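Asks: Just dropping this structure here.
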Amino acid sequence: MTSFRKELKINRRGLLLGMSALATAASFTQSPGLAASNGYIHEPDSIVQFMLVSKLLVPHELDPFVGHKIYNALSDSEEGFDNTVTALQNFIMKNAVVDVEHLMPALTDVALKNSALKIISAWYSGVVHGKSGDRVVAFEEALMFKVTNDVMTIPSYAKSAPNAWNATAVPLLNMPSF
Amino acid sequence: MLRVTQTRQAFRLSFLAVLAGPILLCSTASAEDASNIDPGAYIAVTSDCVACHTAPGGKPFAGGLAMKTPLGTMYSTNITPSKIYGIGEYSEADFSRAVRKGIRKDGSNLYPAMPYTAYSYMTDQDIHDLYLYFMKSVQPVERAPPKTALPFPMNIRSSMMFWNILFRNNTTYQPDPSHSAEWNRGAYLAQGPAHCGTCHTPRGFLMQEEASKAFGGGSLGSWYAPNITSDKISGIGNWSQDEIKTYLKSGHIDGLAQAAGGMGEAVEHSFQHLTDADLNALATYLASTQPVRDPADGNLSRFALGRPVSSADRVRGDQPIRSEDNPDISGAELFMGNCASCHNYKAQGSRDGYYPSLWHNSVTGASNPDNLIATILFGVDRHVAGAQAFMPGFGGKKTDAVQLNDQEITKLTKYVFDTYGRPQVSVSPAQVATIRQGGPKSPLLVLSRIGIAGGTIIIALGCFWLLRTFRK
């Protein structure tokens with residue numbers, strides 16, 4: 001009974017994952033104009049694949065524009081980044097991995113694991129560490145700020161009126177969803 | 001603040017003919033609860049006399065505020081009980097005639113910058129209380145403010161007599177028995193002492209209020225007093241009475257509207273001090289006004305447009321934002337460089353609402369760009385209940401730290417309309433220049449001069465013809 005439920009749950013999650021992948025893919029194919037207008041005329045497949053892998057690695061709302069920038073920066077700094085993403089994608093499919101918590105322990109290939117961590121790090125920090133230096137790919141959309149965005153503002157943005165920084169702090173509640 | 005004050009006046013002042021030195025009006029600069037002070041002081045606050053009759057940094061009611069109008073710069077007068085420079089020699093009848101009829105003690109006319117057309121509705125009792133307040137409670141100031149000297153032919157004050165025949169109301173407020181006492185109180189306040197229509201009713205060719213479009217929105221020089229009729233699209237018909245009341249009391253409602261310009265002053269000096277009963281009365285009356293629809297609004301209310309989006313990572317990321325000296329700088333870059341630090345990168349404002357969101361905001365949702373341009377140029381400075389709401393200007397004054405030129409403000413304004421408000425609004429550098437210098441000039445000045453010149457030529461020709469005929 002238990003295993004049946006677990007299996008059902010996995011199937012449902014897999015279904016949802018597939019649906020979100022389809023939706024993401026659809027959104028890319030529908031907005032070539034957006035990508036083009038921003039100067040990104042990359043092979044859509046590789047971006048789609050990168051976003052799919054990202055979705056599993058980072059289970060939050062991901063900005064496709066930031067995705068483009070991370071993809072470009074990592075492509076510049078990592079040899080054969082497309083192949084790495086494909087390898088990750090294949091690993092996920094083959095092992096029917098449903099979330100990042102299951103992926104990391106299962107990922108025994110150190111190089112692949114490091115690449116996955118780099119992708120996660122880029123989404124959260126907004127910075128890609130390259131060979132010739134670090135590249136900022138996002139600031140406001142960097143996910144690290146979202147964790148506290150119910151009470152804190154992103155540095156350099158006003159929290160309240162001038163001299164109102166010392167107002168009584170709001171108690172922390174549940175982590176915001178983002 | 002000076003600018004802001006000027007604009008409200010500006011528009012009051014935009015009229016014809018003649019005014020003079022010391023004339024009247026009202027209120028305390030102080031902020032105590034008006035309900036506990038004497039009735040005359042309360043009426044002075046309701047009528048917001050202090051807004052015009054006090055110069056920035058000057059003594060209350062001593063006049064001297066410069067108001068740029070389409071017909072030239074006017075200065076408010078000293079209405080303290082000084083016998084030489086103020087209204088100390090005015091009898092109550094003189095006072096009443098000045099406030100309600102626009103005629104000063106020496107018999108010459110006031111310009112309708114003084115909203116006597118609205119004050120004409122005031123009751124005898126209120127005028128009496130107001131007179132006592134000015135004579136007994138206001139400190140005389142022995143100083144003459146600058147004299148108003150409008151260009152010819154607007155300097156001929158007696159021409160106002162004709163204007164008064166056409167447009168002046170001559171009876172005090174008559175209660176409408178088909179409405180409640182509260183509604184009548186609201187109507188009295190709105191039409192009379194609080195003179196809402198002075199700014200919010202559009203002006204006709206001769207600068208008269210157009211009664212058919214009462215409260216339909218009027219231009220005040222740099223600023224625009226929006227439609228406050230009960231229309232659900234163009235007006236405030238979707239506001240609850242509580243919202244109207246809160247707005248009058250605080251000048252700020254999250255995700256709806258904020259008071260700047262003349263309305264910021266009106267809240268600061270007048271509305272925040274009114275009693276709850278009077279605010280309720282005003283809200284009741286405003287909810288019942290005749291709706292006026294502006295076709296330019298289509299079917300979109302100015303209060304609900306726009307959404308939080310960010311251009312931040314699009315103008316910055318691998319590339320640093322370009323210097324503001326760059327003539328090719330984009331509206332998005334100007335926004336990120338000048339506005340976003342307070343209004344935030346999605347223009348969502350601060351969480352506590354101190355900095356308002358720029359979407360769901362009456363200024364960016366409006367069909368008229370004046371208020372957005374004026375806010376960027378002149379900023380906001382509103383003091384309510386001991387707290388200040390402040391935004392710096394961006395070039396409206398020489399002392400502003402950041403000086404954006406007309407081209408930059410055009411790009412920035414257009415970006416904000418496109419991204420967070422009503423994209424159909426167009427903005428040109430010429431519009432920005434006009435608002436920077438205080439609003440459009442009235443065609444009346446030129447037309448009247450042409451008329452006089454034409455008349456002179458006709459008379460000259462007539463004389464010439466007569467002479468020739470006579471010689472023959």
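Asks: Between B:S137 and B:A385, take the C-beta separation as r, use R0 = 22 Å, and let me know the FRET efficiency to the nearest 0.05.
Replies: Values: r = 23 Å, r/R0 = 1.06.
Using R0 = 22 Å, I get an efficiency of 0.40.
Asks: Sticking with this one: As a quick test, which of the pairs B:K83/B:K398; B:K68/B:K101; A:K159/B:K232 have an alpha carbon distance above 28 angstrom in this structure? Spell out each step's value before the answer.
Replies: Working: B:K83/B:K398 38 Å; B:K68/B:K101 23 Å; A:K159/B:K232 34 Å.
Over 28 Å Cα-Cα: B:K83/B:K398; A:K159/B:K232.
Asks: Another question, then. How big is the B-A contact in terms of buried accessible area, both chains counted, 1.4 Å probe, rounded to the nearest 100 Å²?
Replies: Separately minus together, B and A give about 1700 Å² buried.
Asks: Antiparallel as a % of all DSSP beta bridges within chain B, to the nearest 5?
Replies: Of the beta bridges lying entirely in chain B, close to 95 percent run antiparallel.
Asks: On full extension of the chain, what length is gained from A:T108 through A:F178, given 0.36 nm per residue of separation minus the C-alpha to C-alpha distance? Present the calculation step by step, with values, prior to reporting the outcome.
Replies: Numbers: separation 70, 0.36 × 70 = 25.20 nm, distance 2.96 nm.
Fully extending the segment from A:T108 to A:F178 adds 22.2 nm.
Asks: When the expected Rg is taken as 2.2 N^0.38 Å, what fraction or multiple of it is the alpha-carbon Rg of the stretch B:2-293?
Replies: So the Cα radius of gyration is 0.92 times the expected 2.2 N^0.38 Å.
Asks: Moving to a separate point now. Obtain the nm distance between the two label points defined at B:K232 and B:L461 by a simple spin-label model: each point lies 7 Å from its Cα along the Cα-to-C-beta direction.
Replies: In this crude label model, B:K232 to B:L461 measures out at 5.8 nm.
Asks: Given N residues in the stretch B:312-436, what is its alpha carbon radius of gyration divided by 2.2 N^0.38 Å?
Replies: 1.03
Asks: Right, something else. Using the Cα centre of the protein assembly as shown as the reference point, and only Cβ charges (+1 on K/R, -1 on D/E), how large is the resulting charge dipole? Debye, rounded to the nearest 20.
Replies: Dipole about the Cα centre, nearest 20: 1920 debye.
Asks: With r as the distance between the Cβ atoms of A:A87 and B:K441 and R0 = 45 Å, compute the FRET efficiency 1/(1 + (r/R0)^6) and round to 0.05.
Replies: Computed FRET efficiency for B:K441 and A:A87: 0.05.
Asks: Binning at 20 Å from 0, report for the protein assembly as shown what percent of all alpha-carbon pair distances ends up in each bin.
Replies: For the protein assembly as shown, the binned pair fractions read 16, 40, 25, 14, 4, 0, 0 percent.
Asks: Counting partner chain Cβ atoms within 10 Å of every residue's Cβ in A:150-157, what's the average?
Replies: Per residue, the number of nearby Cβ atoms from other chains is 3 on average.
Asks: Using a 1.4 Å probe over the heavy atoms of the protein chains, calculate the carbon and sulfur portion of the accessible area of the stretch B:119-199 as a whole percent. The partial results should precede the final answer.
Replies: Working: 2470 of 4200 Å².
Reported share for carbon and sulfur atoms: 59 percent.
Asks: Now for a separate question. At what distance in nm do the modelled label points of B:F470 and B:S288 sit from each other, each positioned 7 Å from its Cα along Cα→Cβ?
Replies: 6.7
Asks: Hey, another quick one. Compute the whole-percent fraction of alpha carbon pairs in the stretch B:95-199 spaced more than 15 Å apart.
Replies: 70
Asks: Using a simple charge model, +1 on the beta-carbon of Lys and Arg, -1 on the beta-carbon of Asp and Glu, nothing else, what dipole does the stretch B:99-171 show about its Cα centre, in debye to the nearest 20?
Replies: 240
Asks: Going Cα to Cα from A:K131, which aspartates and glutamates come in below 19 Å? Please leave out same-chain ones fewer than 8 positions away.
Replies: Correct list for A:K131: A:D76, A:E78, A:E79, A:D82, B:D318.
Asks: Give the residue from B:L166, A:I70, B:P356 lying farthest towards the positive end of the charge dipole for the protein assembly as shown; charges sit on Cβ (+1 for Lys and Arg, -1 for Asp and Glu) and the dipole is referred to the Cα centre.
Replies: B:L166
Asks: Continuing with the same structure: Straight-line reach only, C-alpha to C-alpha below 21 angstrom: list the lysines that A:K55 could link to, leaving out same-chain residues fewer than 8 apart.
Replies: A:K9, A:K69, A:K94, A:K113, A:K118, A:K146
Asks: Something else: Express in nm, to one decimal, how much length is gained between B:Q241 and B:A296 on full extension, taking 0.36 nm for each residue of separation and deducting their alpha carbon distance.
Replies: 17.2 nm
The values are calculated or read from the model by the stated rules, or taken from the named source; none is laboratory data. On a predicted model such as this, the values are computed, not experimentally measured, just so you know. Using ideal geometry, Cβ is built from the backbone for each residue, glycine included, and neighbour counts are taken over all protein chains shown. SASA here: full protein model, heavy atoms, side chains in, ligands and nucleic acids out. Shrake-Rupley method; radii C 1.70, N 1.55, O 1.52, S 1.80 Å.
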